[in-house]
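See below for the structure under consideration.
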Amino acid sequence: MILNQVEFAMMNNPVRAWIQRNVEATRMLRMGGAIRGGQALEIGCGRGIGVEIILDKFAAGAVDAFDLDGRMVALASRRLKNREQVRLWVGDCTAIPVKDATYDAVFNFGIIHHVPDWRAALREVARVLKPGGRFYAEEVLDRFITHPMARQFLDHPQSDRFGARAFQRGMQEFGLELNGAETLGEVFAWFLAVKP
Ligand SMILES: C[S@@+](CC[C@H](N)C(=O)[O-])C[C@H]1O[C@@H](n2cnc3c(N)ncnc32)[C@H](O)[C@@H]1O
């Protein structure tokens, strides 16, 4: 689901970039380590800050990234125009147009809660990871998504949402093994999972 105007503004500003670099990515790096020279995918890449993080902090050798929203991909293309090791496209994380076992790592900076069929997104993540590949995920949980205050300003799918345990079960259903999970106030969660 594409962001409404409020969330589009919340995602495209320097404060969001600072949080993504210094809070979310720092935690992910501590949980899963770098992927030196590896081939990475970012789902729902927004304006491209995550791709910079994956290259610069996680030391990926190349990054593929896509977003459902063409405006986001246009912003990311502009931001990343000098990064030759990046490939961008408009796409849907429930049908990723790459073959099985392509990536050493997949990154999800808070996008799967926007996907009505979130299990299909996890199935695709598991499919495109190589054996031994890592899934780094940061998510917003049902307690926030379905809260009346959040519903007033933001636009998220409301039925069949997930808490931390349901997300973990979803990953396990598609063969990913959980290596770490952390939550903040039962509202935000970070996961590190590995494809055996
Ligand atoms: C909350 S924003 C996060 C953007 C970016 N990852 C960040 O952390 O700033 C969620 C993003 O997911 C994208 N999105 C929503 N549904 C998607 C889908 N099915 N496939 C790919 N991207 C999707 C939205 O367009 C939006 O850019």
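The values are calculated or read from the model by the stated rules, or taken from the named source; none is laboratory data. Only a predicted model underlies this, so the values are computations on that prediction, with no experimental measurement involved. With ideal geometry, Cβ positions are generated from the backbone for all residues, glycine too; neighbour counts draw on all protein chains shown. Each accessible area value is taken on the protein alone, full model and side chains, heavy atoms only, with ligands, DNA and RNA left out. Shrake-Rupley method; radii C 1.70, N 1.55, O 1.52, S 1.80 Å.
So here's what we get for this one:
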{"read-out": "Candidate set from the stretch 110-146 (those that are more than 16 Å from PHE167 (Cα to Cα) and among the small types (Gly, Ala, Ser)); member that is surrounded by the fewest Cβ atoms within 10 Å (Cβ to Cβ)", "value": "GLY132"}
{"read-out": "In the stretch 118-154, residue farthest from the chain's Cα centre (by Cα) [restricted to those that are among the basic types (Lys, Arg) and within 16 Å of THR102 (Cβ to Cβ)]", "value": "LYS130"}
{"read-out": "Residues located in the stretch 78-109, provided they are surrounded by fewer than 19 Cβ atoms within 10 Å (Cβ to Cβ), within 23 Å of PRO14 (Cα to Cα) and either within 14 Å of the ligand (Cβ to nearest atom) or among the aliphatic types (A, V, I, L, M) (or both)", "value": "ARG79"}
{"read-out": "Subset of the stretch 4-58 that is assigned to a loop (DSSP other than H, G, I, E, B), open to solvent by less than 60 Å² (accessible area, probe 1.4 Å) and touching a Leu at 6+ places or on another chain (Cβ under 8 Å) - its residue that is farthest from the ligand (Cβ to nearest atom)", "value": "PHE58"}
{"read-out": "Yes/no for ILE35 being closer than 17 Å to MET1 by Cβ and in contact (Cβ under 8 Å) with a residue 12 or more places away in the chain", "value": "no"}
{"read-out": "Condition met for ALA164 (open to solvent by less than 40 Å² (accessible area, probe 1.4 Å), within 15 Å of the ligand (Cβ to nearest atom), more than 18 Å from LEU68 (Cα to Cα) and of a type in the set (Gly, Ala, Ser))", "value": "no"}
{"read-out": "Conditions (1) modelled with pLDDT under 95; (2) among the hydrophobic types (A, V, I, L, M, F, W, C); (3) under 23 Å from PHE153 (Cα atoms); number of the one not met by PHE109", "value": "(1)"}
{"read-out": "Condition check for ASP56: under 15 Å from the mean Cα position of the chain (by Cα) and free of Cβ contacts under 8 Å to residues at least 40 places away in the same chain", "value": "no"}
{"read-out": "Count of the stretch 178-196 residues which are over 20 Å from ILE19 (Cα atoms), open to solvent by less than 50 Å² (accessible area, probe 1.4 Å) and in contact (Cβ under 8 Å) with a residue 60 or more places away in the chain", "value": "3"}
{"read-out": "Segments classed as strands (runs of 3 or more DSSP E), wholly inside the stretch 64-177, with at least 3 members that are among the hydrophobic types (A, V, I, L, M, F, W, C), under 23 Å from ALA25 (Cα atoms) and touching a residue at least 40 places away in the same chain (Cβ under 8 Å)", "value": "103-109, 129-140"}
